[in-house]
Amino acid sequence: MSESTELTRADTGDRRYLVVGAHGVTGRAVLELARSRQLDAYGLSRRGGPAGSGHLKGDLTDADSLTPHRPLFSGVTDLVFASYSEQATSDRQITANMALLRGALDSLLRVAAPLRHVTLYQGNKYYGAHLGHFRTPAKETDPRLLGPNFYYEQEDLLAATARREGFAYTLLRPEAVCGVAIGNPMNLLTSLAVYAFICREQGLPLRFPGSHHAYDQILYQVTDARLLARATLWASANDAAHGEAFNVTNGDVFRWKHIFDHVGARLGMELADPQPLRLAEHMPFQSATWSNLVERFDLEQTPYEQIATWPFADALFHYPSDNVSSTIKLRHAGFTDCIDTETMFDELFDELARRRLLPRPEPLR
Ligand SMILES: NC(=O)c1ccc[n+]([C@@H]2O[C@H](COP(=O)([O-])OP(=O)(O)OC[C@H]3O[C@@H](n4cnc5c(N)ncnc54)[C@H](OP(=O)(O)O)[C@@H]3O)[C@@H](O)[C@H]2O)c1
(Lines give C-alpha, C1' and ligand atoms only; values in the text may rest on other atoms or scores of the structure.)
Protein backbone atom coordinates (compact mmCIF):
# COMPACT_ATOMS: atom_id res chain seq x y z
CA MET A 1 0.00 0.00 0.00
CA SER A 2 1.39 3.45 -0.81
CA GLU A 3 1.87 5.95 1.98
CA SER A 4 -0.50 8.41 0.35
CA THR A 5 -3.41 6.06 1.08
CA GLU A 6 -2.67 5.74 4.80
CA LEU A 7 -4.66 8.63 6.21
CA THR A 8 -5.00 8.50 9.96
CA ARG A 9 -6.71 10.66 12.58
CA ALA A 10 -3.65 12.93 12.61
CA ASP A 11 -4.16 13.75 8.90
CA THR A 12 -7.91 14.13 9.02
CA GLY A 13 -8.05 16.39 12.06
CA ASP A 14 -11.54 17.63 12.71
CA ARG A 15 -13.25 15.67 9.96
CA ARG A 16 -16.31 13.59 10.71
CA TYR A 17 -17.31 10.92 8.20
CA LEU A 18 -20.81 9.63 7.60
CA VAL A 19 -21.09 6.51 5.44
CA VAL A 20 -24.68 6.05 4.32
CA GLY A 21 -25.31 2.48 3.18
CA ALA A 22 -22.89 1.01 5.70
CA HIS A 23 -24.32 -2.51 5.37
CA GLY A 24 -23.52 -2.64 1.68
CA VAL A 25 -20.53 -4.17 -0.03
CA THR A 26 -18.93 -0.76 -0.63
CA GLY A 27 -20.12 1.15 2.46
CA ARG A 28 -19.29 -1.53 5.03
CA ALA A 29 -15.61 -1.59 4.00
CA VAL A 30 -15.35 2.21 4.24
CA LEU A 31 -16.84 2.31 7.73
CA GLU A 32 -14.63 -0.55 8.91
CA LEU A 33 -11.51 1.08 7.47
CA ALA A 34 -12.29 4.51 8.88
CA ARG A 35 -12.98 3.12 12.34
CA SER A 36 -9.89 0.92 12.23
CA ARG A 37 -7.91 4.13 11.67
CA GLN A 38 -9.67 5.70 14.66
CA LEU A 39 -11.31 8.33 12.47
CA ASP A 40 -14.47 10.02 13.69
CA ALA A 41 -16.71 7.90 11.46
CA TYR A 42 -20.31 6.72 11.53
CA GLY A 43 -22.44 4.55 9.32
CA LEU A 44 -26.13 4.58 8.58
CA SER A 45 -28.57 2.06 7.14
CA ARG A 46 -32.13 0.91 7.77
CA ARG A 47 -30.79 -2.17 9.58
CA GLY A 48 -28.27 -0.25 11.66
CA GLY A 49 -25.37 -1.99 13.36
CA PRO A 50 -24.54 -3.49 16.74
CA ALA A 51 -24.06 -1.19 19.72
CA GLY A 52 -20.65 0.46 19.72
CA SER A 53 -20.11 -0.03 15.98
CA GLY A 54 -20.96 3.59 15.16
CA HIS A 55 -23.54 2.24 12.74
CA LEU A 56 -26.77 4.20 13.10
CA LYS A 57 -30.24 3.06 12.17
CA GLY A 58 -32.28 5.24 9.86
CA ASP A 59 -34.09 5.42 6.55
CA LEU A 60 -32.87 8.11 4.16
CA THR A 61 -36.35 8.40 2.68
CA ASP A 62 -37.96 8.97 6.09
CA ALA A 63 -36.75 12.25 7.65
CA ASP A 64 -38.41 11.40 10.98
CA SER A 65 -36.26 8.29 11.35
CA LEU A 66 -33.16 10.52 11.10
CA THR A 67 -34.27 13.09 13.69
CA PRO A 68 -32.45 11.39 16.62
CA HIS A 69 -29.18 11.68 14.67
CA ARG A 70 -29.35 15.43 14.11
CA PRO A 71 -26.77 16.36 16.77
CA LEU A 72 -24.30 13.92 15.24
CA PHE A 73 -25.12 14.96 11.67
CA SER A 74 -24.48 18.60 12.53
CA GLY A 75 -20.73 17.84 12.76
CA VAL A 76 -20.39 15.81 9.54
CA THR A 77 -17.73 17.11 7.14
CA ASP A 78 -17.49 14.13 4.77
CA LEU A 79 -20.38 12.17 3.34
CA VAL A 80 -19.72 8.82 1.70
CA PHE A 81 -22.82 7.96 -0.28
CA ALA A 82 -22.94 4.17 -0.57
CA SER A 83 -26.71 3.62 -0.38
CA TYR A 84 -28.36 1.76 -3.17
CA SER A 85 -31.80 0.49 -4.05
CA GLU A 86 -32.14 -2.27 -6.64
CA GLN A 87 -35.19 -1.82 -8.87
CA ALA A 88 -36.60 -3.73 -11.83
CA THR A 89 -36.88 -0.84 -14.29
CA SER A 90 -34.73 2.18 -15.13
CA ASP A 91 -37.34 4.73 -14.15
CA ARG A 92 -37.90 3.10 -10.76
CA GLN A 93 -34.14 2.84 -10.30
CA ILE A 94 -33.83 6.58 -10.91
CA THR A 95 -36.71 7.51 -8.61
CA ALA A 96 -35.55 5.28 -5.75
CA ASN A 97 -31.86 6.17 -5.92
CA MET A 98 -32.47 9.89 -6.36
CA ALA A 99 -34.63 9.78 -3.24
CA LEU A 100 -31.72 8.19 -1.32
CA LEU A 101 -29.20 10.81 -2.44
CA ARG A 102 -31.62 13.67 -1.83
CA GLY A 103 -32.42 12.25 1.61
CA ALA A 104 -28.74 12.00 2.52
CA LEU A 105 -27.88 15.53 1.36
CA ASP A 106 -31.00 17.07 2.93
CA SER A 107 -30.35 15.37 6.27
CA LEU A 108 -26.99 17.17 6.48
CA LEU A 109 -27.98 20.51 4.94
CA ARG A 110 -31.01 20.72 7.24
CA VAL A 111 -28.72 20.85 10.27
CA ALA A 112 -26.15 23.11 8.55
CA ALA A 113 -23.47 20.43 8.69
CA PRO A 114 -20.02 21.83 7.77
CA LEU A 115 -19.92 19.60 4.70
CA ARG A 116 -16.59 19.65 2.88
CA HIS A 117 -16.70 16.60 0.63
CA VAL A 118 -19.08 13.98 -0.76
CA THR A 119 -18.06 10.69 -2.42
CA LEU A 120 -20.58 9.24 -4.86
CA TYR A 121 -20.10 5.72 -6.22
CA GLN A 122 -20.91 5.04 -9.81
CA GLY A 123 -19.79 2.06 -11.88
CA ASN A 124 -19.30 0.84 -15.40
CA LYS A 125 -22.99 1.27 -16.13
CA TYR A 126 -21.81 4.85 -16.55
CA TYR A 127 -20.05 3.63 -19.71
CA GLY A 128 -22.88 1.32 -20.82
CA ALA A 129 -21.65 -1.95 -19.27
CA HIS A 130 -25.28 -2.97 -18.67
CA LEU A 131 -26.01 -2.57 -22.39
CA GLY A 132 -23.29 -4.97 -23.57
CA HIS A 133 -20.17 -4.06 -25.46
CA PHE A 134 -18.63 -0.72 -24.46
CA ARG A 135 -15.43 1.07 -25.37
CA THR A 136 -12.42 -0.38 -23.55
CA PRO A 137 -10.52 0.61 -21.64
CA ALA A 138 -13.27 2.91 -20.40
CA LYS A 139 -11.92 6.34 -19.57
CA GLU A 140 -13.38 9.03 -17.37
CA THR A 141 -13.38 11.36 -20.38
CA ASP A 142 -15.73 9.06 -22.34
CA PRO A 143 -18.92 10.95 -23.12
CA ARG A 144 -22.18 9.92 -21.52
CA LEU A 145 -24.58 7.67 -23.41
CA LEU A 146 -28.22 8.28 -24.09
CA GLY A 147 -30.12 7.87 -20.80
CA PRO A 148 -31.94 6.83 -18.73
CA ASN A 149 -29.11 6.22 -16.28
CA PHE A 150 -29.43 6.83 -12.55
CA TYR A 151 -25.73 7.59 -12.25
CA TYR A 152 -26.12 10.61 -14.53
CA GLU A 153 -29.11 11.88 -12.57
CA GLN A 154 -27.36 11.46 -9.22
CA GLU A 155 -24.20 13.13 -10.49
CA ASP A 156 -26.15 16.13 -11.79
CA LEU A 157 -27.98 16.55 -8.49
CA LEU A 158 -24.73 16.26 -6.53
CA ALA A 159 -22.85 18.71 -8.78
CA ALA A 160 -25.64 21.30 -8.56
CA THR A 161 -25.90 20.95 -4.78
CA ALA A 162 -22.12 21.14 -4.36
CA ARG A 163 -21.98 24.35 -6.44
CA ARG A 164 -24.80 25.90 -4.46
CA GLU A 165 -23.59 24.85 -1.01
CA GLY A 166 -19.84 25.13 -1.61
CA PHE A 167 -18.54 21.63 -0.94
CA ALA A 168 -16.32 19.36 -3.04
CA TYR A 169 -17.16 15.92 -4.39
CA THR A 170 -15.55 12.92 -6.07
CA LEU A 171 -17.12 10.27 -8.31
CA LEU A 172 -15.62 6.77 -7.97
CA ARG A 173 -16.35 4.10 -10.58
CA PRO A 174 -15.58 0.53 -9.45
CA GLU A 175 -16.61 -2.71 -11.21
CA ALA A 176 -18.02 -5.79 -9.44
CA VAL A 177 -17.07 -4.78 -5.91
CA CYS A 178 -15.80 -7.76 -3.89
CA GLY A 179 -16.21 -7.53 -0.14
CA VAL A 180 -18.12 -8.80 2.84
CA ALA A 181 -21.86 -8.12 2.71
CA ILE A 182 -25.04 -10.09 3.22
CA GLY A 183 -28.48 -9.47 1.73
CA ASN A 184 -27.33 -7.10 -0.98
CA PRO A 185 -28.18 -7.35 -4.68
CA MET A 186 -24.71 -7.13 -6.24
CA ASN A 187 -22.27 -9.48 -4.55
CA LEU A 188 -19.84 -11.39 -6.74
CA LEU A 189 -17.68 -12.70 -3.89
CA THR A 190 -20.31 -14.59 -1.92
CA SER A 191 -22.04 -15.77 -5.11
CA LEU A 192 -18.85 -17.33 -6.47
CA ALA A 193 -17.89 -18.73 -3.07
CA VAL A 194 -21.29 -20.23 -2.23
CA TYR A 195 -21.58 -21.77 -5.70
CA ALA A 196 -18.13 -23.37 -5.35
CA PHE A 197 -18.71 -24.65 -1.81
CA ILE A 198 -22.07 -26.14 -2.77
CA CYS A 199 -20.52 -27.96 -5.75
CA ARG A 200 -17.74 -29.26 -3.48
CA GLU A 201 -20.21 -30.39 -0.85
CA GLN A 202 -22.08 -32.38 -3.50
CA GLY A 203 -18.84 -33.98 -4.69
CA LEU A 204 -18.99 -32.19 -8.03
CA PRO A 205 -16.06 -30.69 -9.91
CA LEU A 206 -15.92 -26.93 -10.23
CA ARG A 207 -17.35 -25.77 -13.55
CA PHE A 208 -17.62 -22.20 -14.73
CA PRO A 209 -21.42 -21.73 -14.96
CA GLY A 210 -21.31 -19.00 -17.64
CA SER A 211 -20.75 -18.91 -21.37
CA HIS A 212 -17.73 -20.48 -23.06
CA HIS A 213 -17.01 -17.06 -24.51
CA ALA A 214 -16.92 -15.37 -21.09
CA TYR A 215 -14.83 -18.27 -19.72
CA ASP A 216 -11.70 -17.93 -21.79
CA GLN A 217 -12.18 -15.13 -24.30
CA ILE A 218 -13.16 -11.92 -22.60
CA LEU A 219 -11.11 -9.86 -20.15
CA TYR A 220 -12.82 -8.88 -16.92
CA GLN A 221 -11.91 -6.84 -13.85
CA VAL A 222 -13.17 -6.41 -10.30
CA THR A 223 -12.67 -4.01 -7.41
CA ASP A 224 -11.66 -5.09 -3.92
CA ALA A 225 -13.98 -3.27 -1.49
CA ARG A 226 -11.01 -2.67 0.84
CA LEU A 227 -9.08 -0.96 -1.95
CA LEU A 228 -12.13 1.11 -2.84
CA ALA A 229 -12.44 2.12 0.82
CA ARG A 230 -8.84 3.32 0.82
CA ALA A 231 -9.47 5.26 -2.39
CA THR A 232 -12.55 6.80 -0.78
CA LEU A 233 -10.69 8.14 2.25
CA TRP A 234 -7.86 9.30 0.01
CA ALA A 235 -10.31 11.16 -2.26
CA SER A 236 -12.07 12.96 0.56
CA ALA A 237 -8.85 14.47 1.90
CA ASN A 238 -6.95 15.17 -1.34
CA ASP A 239 -7.65 18.25 -3.42
CA ALA A 240 -6.42 16.42 -6.54
CA ALA A 241 -9.52 14.24 -6.32
CA HIS A 242 -12.05 17.00 -5.83
CA GLY A 243 -14.42 17.66 -8.71
CA GLU A 244 -13.07 14.57 -10.48
CA ALA A 245 -14.28 11.14 -11.54
CA PHE A 246 -12.00 8.10 -11.22
CA ASN A 247 -12.22 4.49 -12.30
CA VAL A 248 -11.16 2.29 -9.37
CA THR A 249 -10.33 -1.37 -9.99
CA ASN A 250 -7.75 -3.81 -8.65
CA GLY A 251 -5.39 -2.76 -11.43
CA ASP A 252 -5.22 -6.08 -13.28
CA VAL A 253 -7.57 -7.82 -15.69
CA PHE A 254 -8.24 -11.54 -15.94
CA ARG A 255 -10.13 -14.27 -17.74
CA TRP A 256 -12.69 -16.15 -15.65
CA LYS A 257 -10.98 -19.44 -16.57
CA HIS A 258 -7.95 -18.52 -14.52
CA ILE A 259 -9.97 -17.29 -11.55
CA PHE A 260 -11.89 -20.58 -11.51
CA ASP A 261 -8.61 -22.53 -11.82
CA HIS A 262 -7.32 -20.61 -8.83
CA VAL A 263 -10.45 -20.98 -6.69
CA GLY A 264 -10.70 -24.69 -7.56
CA ALA A 265 -7.10 -25.28 -6.47
CA ARG A 266 -7.68 -23.37 -3.23
CA LEU A 267 -10.76 -25.45 -2.40
CA GLY A 268 -9.12 -28.71 -3.48
CA MET A 269 -11.67 -29.22 -6.27
CA GLU A 270 -11.25 -30.80 -9.65
CA LEU A 271 -11.92 -28.49 -12.57
CA ALA A 272 -14.25 -29.56 -15.37
CA ASP A 273 -15.42 -27.92 -18.60
CA PRO A 274 -17.72 -24.93 -18.29
CA GLN A 275 -21.44 -25.63 -18.33
CA PRO A 276 -23.47 -22.58 -19.28
CA LEU A 277 -26.51 -22.30 -17.04
CA ARG A 278 -28.40 -19.65 -15.12
CA LEU A 279 -27.49 -19.70 -11.44
CA ALA A 280 -30.69 -17.78 -10.73
CA GLU A 281 -32.61 -20.86 -11.93
CA HIS A 282 -30.38 -23.60 -10.52
CA MET A 283 -29.19 -22.32 -7.17
CA PRO A 284 -32.58 -21.91 -5.44
CA PHE A 285 -32.77 -25.74 -5.53
CA GLN A 286 -29.56 -26.08 -3.49
CA SER A 287 -30.73 -24.68 -0.17
CA ALA A 288 -30.54 -28.08 1.59
CA THR A 289 -26.83 -28.27 0.80
CA TRP A 290 -26.38 -24.78 2.21
CA SER A 291 -28.11 -25.86 5.44
CA ASN A 292 -25.72 -28.84 5.64
CA LEU A 293 -22.74 -26.52 5.23
CA VAL A 294 -24.01 -24.19 7.95
CA GLU A 295 -24.45 -27.09 10.39
CA ARG A 296 -21.30 -29.01 9.52
CA PHE A 297 -18.98 -25.99 9.68
CA ASP A 298 -20.82 -24.21 12.50
CA LEU A 299 -21.46 -21.10 10.39
CA GLU A 300 -23.59 -18.06 11.13
CA GLN A 301 -27.24 -18.85 10.37
CA THR A 302 -27.44 -16.72 7.23
CA PRO A 303 -30.64 -17.31 5.24
CA TYR A 304 -29.81 -18.92 1.91
CA GLU A 305 -31.73 -16.20 0.02
CA GLN A 306 -29.41 -13.57 1.52
CA ILE A 307 -26.00 -15.14 1.17
CA ALA A 308 -25.61 -14.74 -2.59
CA THR A 309 -27.04 -12.81 -5.53
CA TRP A 310 -27.45 -15.15 -8.47
CA PRO A 311 -28.79 -12.79 -11.19
CA PHE A 312 -25.77 -10.51 -10.67
CA ALA A 313 -23.34 -13.43 -10.96
CA ASP A 314 -25.17 -14.64 -14.09
CA ALA A 315 -24.72 -11.24 -15.71
CA LEU A 316 -20.97 -11.32 -15.04
CA PHE A 317 -20.43 -14.95 -16.03
CA HIS A 318 -22.28 -14.46 -19.32
CA TYR A 319 -20.74 -11.10 -20.08
CA PRO A 320 -20.43 -10.69 -23.87
CA SER A 321 -17.24 -8.67 -24.24
CA ASP A 322 -14.25 -7.19 -22.43
CA ASN A 323 -14.98 -5.21 -19.29
CA VAL A 324 -11.89 -3.08 -18.76
CA SER A 325 -11.42 0.41 -17.32
CA SER A 326 -8.35 2.58 -17.38
CA THR A 327 -7.07 3.47 -13.91
CA ILE A 328 -4.31 5.72 -15.23
CA LYS A 329 -6.08 8.89 -14.15
CA LEU A 330 -6.37 7.68 -10.56
CA ARG A 331 -2.69 6.73 -10.42
CA HIS A 332 -1.58 10.04 -11.89
CA ALA A 333 -3.69 11.84 -9.29
CA GLY A 334 -1.73 10.10 -6.52
CA PHE A 335 -3.64 6.95 -5.53
CA THR A 336 -1.36 4.13 -6.63
CA ASP A 337 -2.77 1.25 -4.57
CA CYS A 338 -3.55 -2.03 -6.36
CA ILE A 339 -4.03 -5.73 -5.64
CA ASP A 340 -3.62 -8.95 -7.61
CA THR A 341 -7.15 -10.33 -8.07
CA GLU A 342 -6.18 -13.94 -7.17
CA THR A 343 -4.61 -12.64 -3.94
CA MET A 344 -7.80 -10.67 -3.29
CA PHE A 345 -9.96 -13.80 -3.64
CA ASP A 346 -7.61 -15.72 -1.30
CA GLU A 347 -7.78 -13.00 1.32
CA LEU A 348 -11.53 -12.50 1.05
CA PHE A 349 -12.29 -16.24 1.21
CA ASP A 350 -10.24 -16.25 4.43
CA GLU A 351 -12.16 -13.22 5.67
CA LEU A 352 -15.53 -14.86 4.99
CA ALA A 353 -14.34 -17.90 6.95
CA ARG A 354 -13.02 -15.76 9.79
CA ARG A 355 -16.49 -14.22 10.11
CA ARG A 356 -18.03 -17.71 9.98
CA LEU A 357 -20.06 -16.80 6.91
CA LEU A 358 -18.48 -19.58 4.82
CA PRO A 359 -16.31 -22.65 5.55
CA ARG A 360 -12.54 -22.42 5.55
CA PRO A 361 -11.36 -22.72 1.96
CA GLU A 362 -8.71 -25.39 2.63
CA PRO A 363 -9.25 -28.67 0.74
CA LEU A 364 -11.30 -31.28 2.63
CA ARG A 365 -9.33 -34.28 3.86
N1 LIG B 1 -21.78 -3.95 -5.75
C2 LIG B 1 -21.12 -3.78 -6.88
O3 LIG B 1 -20.55 -4.74 -7.43
C4 LIG B 1 -21.03 -2.41 -7.50
C5 LIG B 1 -20.27 -2.26 -8.67
C6 LIG B 1 -20.16 -1.00 -9.26
C7 LIG B 1 -20.82 0.07 -8.72
N8 LIG B 1 -21.58 -0.09 -7.59
C9 LIG B 1 -22.31 1.08 -7.08
O10 LIG B 1 -21.94 1.34 -5.74
C11 LIG B 1 -23.06 1.94 -5.06
C12 LIG B 1 -23.30 1.16 -3.77
O13 LIG B 1 -23.67 -0.15 -4.16
P14 LIG B 1 -23.52 -1.43 -3.20
O15 LIG B 1 -23.47 -2.62 -4.10
O16 LIG B 1 -22.48 -1.22 -2.20
O17 LIG B 1 -24.92 -1.40 -2.48
P18 LIG B 1 -25.52 -2.48 -1.47
O19 LIG B 1 -24.50 -3.51 -1.15
O20 LIG B 1 -26.83 -2.91 -2.04
O21 LIG B 1 -25.77 -1.62 -0.18
C22 LIG B 1 -26.74 -0.63 -0.17
C23 LIG B 1 -26.79 -0.01 1.21
O24 LIG B 1 -27.79 0.99 1.21
C25 LIG B 1 -28.58 0.83 2.38
N26 LIG B 1 -29.89 1.37 2.11
C27 LIG B 1 -30.77 1.01 1.14
N28 LIG B 1 -31.88 1.74 1.23
C29 LIG B 1 -31.70 2.61 2.26
C30 LIG B 1 -32.50 3.61 2.86
N31 LIG B 1 -33.75 3.89 2.42
N32 LIG B 1 -32.01 4.31 3.90
C33 LIG B 1 -30.76 4.03 4.39
N34 LIG B 1 -29.96 3.10 3.86
C35 LIG B 1 -30.43 2.38 2.81
C36 LIG B 1 -28.56 -0.69 2.63
O37 LIG B 1 -28.77 -1.08 3.97
P38 LIG B 1 -30.25 -1.35 4.54
O39 LIG B 1 -30.90 -2.29 3.58
O40 LIG B 1 -30.02 -1.91 5.92
O41 LIG B 1 -30.89 -0.01 4.58
C42 LIG B 1 -27.10 -0.98 2.32
O43 LIG B 1 -26.32 -0.68 3.45
C44 LIG B 1 -24.25 1.88 -6.04
O45 LIG B 1 -24.39 3.10 -6.70
C46 LIG B 1 -23.81 0.82 -7.03
O47 LIG B 1 -24.41 1.00 -8.29
C48 LIG B 1 -21.69 -1.30 -6.97
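The values are calculated or read from the model by the stated rules, or taken from the named source; none is laboratory data. Only a predicted model underlies this, so the values are computations on that prediction, with no experimental measurement involved. When we count neighbours, we look across all protein chains shown, and the Cβ atoms used for this are built from the backbone with ideal geometry, even at glycine. Keep in mind that these areas ignore ligands, DNA and RNA; they rest on the heavy atoms of the full protein, side chains included. Shrake-Rupley method; radii C 1.70, N 1.55, O 1.52, S 1.80 Å.
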**Study point:** Efficiency of FRET from Cβ geometry, Val111 and Leu146, R₀ 30 Å, rounded to 0.05
**Key:** 0.20
Review point. Mind listing the phi-derived Karplus ³J(HN,Hα) values for region 225-242, rounded to whole Hz, using 6.51, -1.76 and 1.60 with θ = phi - 60°, and x for any glycine or proline?
Key: 4, 5, 5, 4, 5, 5, 5, 5, 5, 4, 4, 5, 9, 10, 4, 4, 9, 6
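Report the FRET efficiency, 1/(1 + (r/R0)^6), for Gln217 and Arg92, where r is their Cβ-Cβ distance and R0 is 35 Å, rounded to 0.05.
Computed FRET efficiency for Gln217 and Arg92: 0.55.
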Check your understanding: When only C-alpha pairs under 8 Å and at least 6 residues apart count, what is the relative contact order of region 196-313, in percent?
Key -> 37
Practice item. Please name whichever of Thr26, Tyr152, Ser90 sits farthest to the positive end of the charge dipole of region 1-160, dipole taken about the Cα centre and charges placed at Cβ: Lys and Arg +1, Asp and Glu -1. Key: Thr26
Exercise for review: Quote the relative contact order of region 25-107 in percent (integer), defining contacts as alpha-carbon pairs under 8 Å separated by 6+ residues.
Suggested key: 24
Revision key, fill the gap. Asserting the computed 222 nm helical MRE of the chain (DSSP H runs at least 4 long, -39500 (n - 2.57) per run, divided by residue count, to nearest 500) equals -11500 deg cm²/dmol
Practice item. For region 1-142, report the translational diffusion coefficient in µm²/s to the nearest whole number, using Stokes-Einstein at 20 °C, 1.002 mPa s, and a Kirkwood Rh over Cα pairs. Key: 131
Check your understanding: Which value, in debye to the nearest 20, gives the size of the charge dipole of region 160-258 about its Cα centre, when Lys and Arg are +1 and Asp and Glu are -1 at the Cβ?
Key -> 140
Practice item. Report the extension gain between His133 and Gln202 in nm, rounded to one decimal, defined as 0.36 nm multiplied by the number of residues separating them, less their alpha carbon distance. Key: 21.3 nm
Exercise for review: Per residue of region 212-219, in order, report the coupling 6.51 cos²θ - 1.76 cosθ + 1.60 (Karplus, θ = phi - 60°) as ³J(HN,Hα) in whole Hz, putting x for Gly and Pro.
Suggested key: 4, 5, 5, 4, 10, 10, 7, 9
Revision key, fill the gap. One would report the antiparallel percent of DSSP beta bridges in the chain, rounded to the nearest 5, as 5
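What dipole magnitude, in Debye to the nearest 20, does region 249-361 give about its Cα centre under +1 on Lys/Arg Cβ and -1 on Asp/Glu Cβ?
Charge dipole, region 249-361, about its Cα centre: 160 debye, nearest 20.
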Check your understanding: Over the chain, what is the mean sequence separation of C-alpha contacts under 8 Å (at least six apart), divided by residue count, expressed as relative contact order in percent?
Key -> 20
**Study point:** Charge dipole (the chain, unit charges on Cβ, about Cα centre) - positive-most of Pro320, Ala181, Thr170
**Key:** Thr170
Point to revise | Accessible area in square angstrom per residue, region 66-116, 1.4 angstrom probe | key: 43
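Would you please report the Å³ per residue occupied by the convex hull of the alpha carbon atoms in region 137-198?
In region 137-198, the Cα convex hull volume per residue is 157 Å³.
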